[in-house]
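Comments concern the structure below.
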Amino acid sequence: MPNDSSFDEVYEQIFLPVFQFVRLRVPASDVDDVTAEVIAKVWRALPRFEAKSSLKTWALRIAYHQVADYYRSQKLKPTVQLQVNLAESNTADDHSEKVATLLSVSQTLAKMPRPQVAVIQLRLVENFSAAETGEILGLTQKAVDSLLYRAKKSFRKIYALESAGGKSR
């Protein structure tokens, strides 16, 4: 199917999910460049696409590896980008509480292993199925479920330590 698709058709199918995936994983200044590189890699690799998964899932697997390559080449520590809609709150107290919670969650995620953060983002934030998440991360569905269980457990432990004023790692 995609092998005879035009660039525009492929782009329309994958741009938004790839952009959102990359936006959560790299600094804002590099989102466009990393997204463009992913789209280019998908297009170049399209003749080898075997349709064992959806085009979107396959593209996100390429994006996952491109983000890892980005951090290796930059020699940076991965960041976690979280967003909150402050316009929904009515008072300054609401804003400060949401921002504090967001910072605490972000700090907790930054202390977790990258595969655990990836499985939390894919399964809980982006609502991918265990099968899709496994395809993106190169894991079995059972491994994804196990990783998510460990990630939740790790998150709770680190978050509790942070909330209590303790240090982890």
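All conditions in (1) buried (at least 17 other Cβ atoms within 10 Å of the Cβ); (2) closer than 21 Å to VAL117 by Cβ; (3) modelled with pLDDT of 90 or more hold for VAL42, with the sole exception of (2). Taken residue by residue, region 18-36 has at least one member that is touching a residue at least 60 places away in the same chain (Cβ under 8 Å), part of a helix (DSSP H, G or I) and under 26 Å from ALA110 (Cα atoms). Cβ separations smaller than 9 Å between residues 6+ apart or across chains give the following pairs from region 129-151 residues that are farther than 11 Å from VAL119 by Cα to residues that are hydrophobic (A, V, I, L, M, F, W, C) and outside any helix (DSSP H, G or I): GLU135/PHE128.
For region 71-93, does any single residue satisfy the condition of being surrounded by 15 or more Cβ atoms within 10 Å (Cβ to Cβ), at pLDDT 90 or above and aromatic (Phe, Trp, Tyr)? So far as region 71-93 goes, no, none of its residues is surrounded by 15 or more Cβ atoms within 10 Å (Cβ to Cβ), at pLDDT 90 or above and aromatic (Phe, Trp, Tyr). Pairs are defined by a Cβ separation below 9 Å, a sequence spacing of at least 6 or placement on different chains, a first member in region 48-62 that is in the same structural domain as LEU16 (by TED's automatic domain parsing) and assigned to a helix (DSSP H, G or I), and a second member that is among the acidic types (Asp, Glu) and buried (at least 19 other Cβ atoms within 10 Å of the Cβ); the pairs so defined are LYS56/GLU132; THR57/GLU132; THR57/GLU135; TRP58/GLU135; LEU60/GLU132; LEU60/GLU135; ARG61/GLU135.
Checking each residue in region 119-153 for being crowded, with 20+ Cβ neighbours inside 10 Å and not hydrophobic (A, V, I, L, M, F, W, C) picks out GLN121, ARG123, GLU132, THR133, GLY134, GLU135.
The values are calculated or read from the model by the stated rules, or taken from the named source; none is laboratory data. Note that this is a predicted model, so its numbers are computed, not measured. Here the Cβ is made from the backbone with ideal geometry for all residues, glycine too, and neighbour counts use every protein chain on show.
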